[in-house]
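Data block below; observations after.
The values are calculated or read from the model by the stated rules, or taken from the named source; none is laboratory data. Given the structure is predicted, the values throughout are model-derived calculations rather than measurements. SASA here: full protein model, heavy atoms, side chains in, ligands and nucleic acids out. Shrake-Rupley method; radii C 1.70, N 1.55, O 1.52, S 1.80 Å.
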Amino acid sequence: PSDGATVVFRVTGPAGRSLAIAMQGARANPLDDLPSTPTVSLTMDVETFCCLGCGRWEPDHVLGSGKVVVNGDDSLGRTVVAQMNIMV
């Protein structure tokens, strides 16, 4: 994403929370506050967030099943979901 783009993860459920990142200098950086109009927001439950982040579920299947709701820039949202696997 280009500099200035913002992404909000809205993770629902008892352990859920909202997280925001912004692109600056070609890097994603956490934001202290949620932007009022993010470039894209992704809403999903805790299980979906964890399974995508740990590479347990295929992004295309998750998007097709409706487990993630994308609001805003649909293309960016789908790209972020496709690249959420961050397990080392």
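Before moving on, here are some points about what is shown:
- In the chain, helical runs assigned H by DSSP with n ≥ 4 each contribute -39500 (n - 2.57); averaged across all residues and rounded to the nearest 500, the mean residue ellipticity at 222 nm is -7500 deg cm²/dmol.
- Euclidean distance between Cα centres, the range 1-37 to the range 50-87, Å: 15 Å
- With every protein chain in place, the chain: carbon and sulfur % of accessible area (1.4 Å): 51 percent
- Accessible surface, the chain, averaged per residue in Å² (probe 1.4 Å): 63 Å²
- Segment SER2-ARG56, length gained on full extension (0.36 nm per residue, minus Cα span): 16.6 nm
- Residue order by solvent-accessible surface for THR37, THR6, THR79, THR43 is THR37, THR79, THR43, THR6, largest first, with ligands and nucleic acids left out and a 1.4 Å probe.
- Taking every DSSP bridge with both residues inside the chain, close to 70 percent are antiparallel.
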